[in-house]
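Here, each number is a calculation from the coordinates, and none is a lab measurement. What you see is a predicted model; the values in this text were computed from it and never measured. For neighbour counting, all protein chains shown are included, and Cβ atoms are generated from backbone atoms with ideal geometry for every residue, glycine included.
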Amino acid sequence: MPGRGAAHRVSGRFGRSPELDATSRLFRRFAEILTTRSGHRKDWIGAVRAEDLPGLHSFATGLEKDWDAVTQGLSSRWNSGAVEGSVNHIKMIKCQMFGRAKLPLLRKRVPPTARQPGVTSASCA
C-alpha cells in the first residue's frame, strides 16, 4: 500500500521532534473528538496544557472562553451547514455582479428551491 510508506516516513520525522510528535498526537485526539461528537471531553484541554506548545495553548484558551457553545457544537447532531451553503451561494452571485446586486435582482437570480418561504425584503432590511 502506498499510504503505509508515507505514514512511516512522517512518523519517523515526528519521532525526531518532540514538539511535532505532541502536536500530531493532540490533533489526532481532537479529530477523534470531532468525528465521534464527544465535545464534552475537557481532558483534551488538560493534555494541551501539559505540553509546551504555545499555539495550542491559545487555541485551548479560546475554546475554554465559550465552553458551553463548544460543547454544544461538538456534541449536537444539528448544524447550520445547509444554511451556510445557501448564504455562500448568494454571496457568490452578488460578488459576480461586482457587489451591485440588491435584493430584487438577487431574488431573480437565486433559484426558487433555495429561497425560504415567507422571507420578504422588509424582513431582510
(message) Straight-line reach only, C-alpha to C-alpha below 25 angstrom: list the lysines that LYS108 could link to, leaving out same-chain residues fewer than 8 apart.
(response) LYS91, LYS94
(request) Order these peptides, 54-67, 81-94, by their mean beta-carbon neighbour count within 10 angstrom, highest first. (result) 54-67, 81-94
(request) Average the reciprocal distances over every distinct pair of alpha-carbons in the stretch 58-105, invert the result, and give the Kirkwood radius in Å. (result) 13.5 Å
(request) Determine which residues of the stretch 16-59 fall in the zone a paramagnetic label at SER76 would reach in this model, i.e. backbone nitrogen under 18 Å from the point 7 Å along Cα→Cβ. (result) 34-41
(message) Let me check the size of the stretch 29-92 from its C-alpha atoms; what are the radius of gyration and Dmax in Å?
(response) 14.5, 44
(message) Which lysines, if any, have their Cα less than 20 Å from the Cα of LYS42, not counting same-chain residues under 8 positions apart?
(response) LYS65
